[in-house]
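The values are calculated or read from the model by the stated rules, or taken from the named source; none is laboratory data. No experiment lies behind these values; they were computed from the predicted model shown. Methodologically, a virtual Cβ is constructed for each residue, glycine included, from the backbone with ideal geometry; neighbour enumeration extends over all protein chains shown.
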Amino acid sequence: MADRLQGKRALVTGASRGIGKSIALTFAAEGAAVAVGGRDADLVEVSCDEVRRAGGVAIAVIGDVSVEQVAHDLVESAARALGGLDILVNNAGIDANEWHPVHEWPVEEFDHIIAVNLRGPFLMSRFAIPHLLAAGGGSILHISSVCATTVWAGDCAYDISKAALNMLSDHIAVEYGALGIVSNTLMPGVIRTDLHERVMEGMHDGRAFERELIKRHPIGRFGTVEEVARSAVFLCSGDTPFLTGANVTIDGGYSRV
């Protein structure tokens, strides 16, 4: 690895599995000390152990990012343990196990998805920004989705949450750019993760839908968590401070077909 994050202190939410875990491991391999966030303490510790076995520095921060006091405590615990913060990755997110047309969407489930996918990143950013300012600047990366700009019929809560997340990122980029904080989103297409598998299993004829979906990817396959993580390193490295307010698509060409 190129040590592109040497000396950086990063907090990655939703890092117990999938994309978040891969980002935490890749950041550590690039030299960052990482606070690994998640709700499942056992899974978070597994991620931390993997980082440590590879020679990296990792600490666990456990809690639900959508709860204000918990989000505050997550940020403060990470900053205290790492000696400050340079990077926040808002990766924690959920989707519904079943999709519905708008008029049949369960209201409580809609609220829950918005709370985790939008309120959570807002709270984490709100509490992390003072630490990034104290460090002289830094990077906030939000893991959004191609669903922010393309409609997946039946999945309105997730799509709406990601579209709004892009706007949150834009606000941070505009309001804090002159103070040294860059804010961008990564917009993955279909990535093989636990979340993807759960959604496919929960859908009627989910695997048939998956086969048709692959055909819409010019690259001929779904993406990997490692590909997303390498893109996250690039956006958080500080090598391109003029790159802010961007929504970077990583989808194998899906959104261009």
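Would you confirm whether or not the stretch 74-88 contains a residue that is in contact with a Phe, Trp or Tyr (Cβ under 9 Å, 6 or more places away or on another chain), surrounded by fewer than 16 Cβ atoms within 10 Å (Cβ to Cβ) and either farther than 29 Å from ASP251 by Cβ or among the small types (Gly, Ala, Ser) (or both)? Among the residues of the stretch 74-88, at least one is in contact with a Phe, Trp or Tyr (Cβ under 9 Å, 6 or more places away or on another chain), surrounded by fewer than 16 Cβ atoms within 10 Å (Cβ to Cβ) and either farther than 29 Å from ASP251 by Cβ or among the small types (Gly, Ala, Ser) (or both), which makes the answer yes.
Filter the stretch 13-25 for residues that are under 12 Å from ARG52 (Cα atoms) and surrounded by fewer than 24 Cβ atoms within 10 Å (Cβ to Cβ) and give the result. Passing the criteria: only LEU25.
Scanning the stretch 13-56 for residues that are of a type in the set (A, V, I, L, M, F, W, C), at pLDDT 95 or above and not in a helix (DSSP H, G or I) yields ALA15, ALA32, ALA33, VAL34, ALA35, VAL36.
Residue count for the stretch 160-193 under the criterion of being without any contact (Cβ under 8 Å) to a residue 40 or more places away in the chain and either among the aromatic types (Phe, Trp, Tyr) or part of a helix (DSSP H, G or I) (or both): the result is 5. Cβ separations smaller than 8 Å between residues 6+ apart or across chains give the following pairs from the stretch 238-257 residues that are within 16 Å of ILE181 (Cα to Cα) and in contact (Cβ under 8 Å) with a residue 24 or more places away in the chain to residues that are part of a loop (DSSP other than H, G, I, E, B) and basic (Lys, Arg): GLY238/LYS8; ASP239/ARG4.
Tell me, which residue of the stretch 139-151 that is free of Cβ contacts under 8 Å to residues at least 60 places away in the same chain and surrounded by 15 or more Cβ atoms within 10 Å (Cβ to Cβ) is farthest from VAL102 (Cα to Cα)? Restricting to residues being free of Cβ contacts under 8 Å to residues at least 60 places away in the same chain and surrounded by 15 or more Cβ atoms within 10 Å (Cβ to Cβ), the top hit is ILE140.
Quick check on ALA92: is it in a loop (DSSP other than H, G, I, E, B) and within 15 Å of the chain's Cα centre (by Cα)? Yes: the conditions hold for ALA92.
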